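The values are calculated or read from the model by the stated rules, or taken from the named source; none is laboratory data. Just so we're clear, the structure is a prediction, and the values are computed from it rather than from any experiment. Methodologically, a virtual Cβ is constructed for each residue, glycine included, from the backbone with ideal geometry; neighbour enumeration extends over all protein chains shown. Side chains included, ligands, DNA and RNA excluded: accessible areas come from the protein's heavy atoms. Shrake-Rupley method; radii C 1.70, N 1.55, O 1.52, S 1.80 Å.
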Amino acid sequence: IRRKVLGDAHVDRAVASANPFTEDFQDLLTRYAWGEVWTRPGLDLRTRSCITVAMLVALNRPEERALHIRGAVNNGVTRDELREVLLQSAVYCGVPAANTAFNVASEILSSGRWRKLMPTRTSVTRCADRASSTRARPSRP
């Protein structure tokens with residue numbers, strides 16, 4: 001699962017950079033985080049990625065957040081869904097943390113490989129969503 005989410009290049013670098021001091025941690029990370037939690041049947045990988053990105057915003061872990069934003073794309077999270085995760089995070093984690101996350105995500109999503117992978121909803125769907133959501137929103141003063 002770790003390779004599927006984060007990609008071979010990242011996992012190969014992590015394994016190659018392990019040393020006698022960190023190898024037990026790499027083993028723990030691989031067995032528990034990726035072997036036990038990410039493989040549980042209760043949530044799909046897209047949902048797990050969205051939750052992980054939101055938690056990394058809350059914890060202000062930019063290097064892990066960038067890695068997991070890429071992983072979210074690998075797991076099929078759309079640009080619109082990622083935007084919603086970050087907006088939700090702004091409310092509950094704070095605007096400064098979400099601002100940094102939006103900047104990181106924008107850089108990742110605008111790069112060549114990731115731009116091609118990012119599906120978006122159609123403009124028709126987006127317009128329909130906005131029309132239905134504006135009816136439910138209270139008017140702004």
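What is the sum of charges, Lys and Arg at +1 and Asp and Glu at -1, for the other residues whose Cβ falls under 15 Å from the Cβ of ALA101?
Here the count lands on 0.
Distances over 25 Å make up what percent of all Cα-Cα pairs in the range 1-107?
The calculated P(r) of the range 1-107 puts 23 percent of pairs beyond 25 Å.
Using a 10 Å cut-off on Cβ atoms, rank the peptides 52-60, 13-21, 33-41, 76-84 from the highest mean neighbour count down.
Highest-to-lowest ranking by the protection proxy: 52-60, 76-84, 33-41, 13-21.
Report ³J(HN,Hα) in whole Hz for each residue of the range 91-101, in order, from the Karplus equation J = 6.51 cos²θ - 1.76 cosθ + 1.60 where θ = phi - 60°; Gly and Pro get x.
So the Karplus estimates, Gly and Pro as x, are 5, 9, 10, x, 5, x, 5, 5, 4, 4, 5 Hz.
When all protein chains stay in place, what accessible area (Å², nearest 10, 1.4 Å probe) is found for ILE1?
It works out to around 80 Å².
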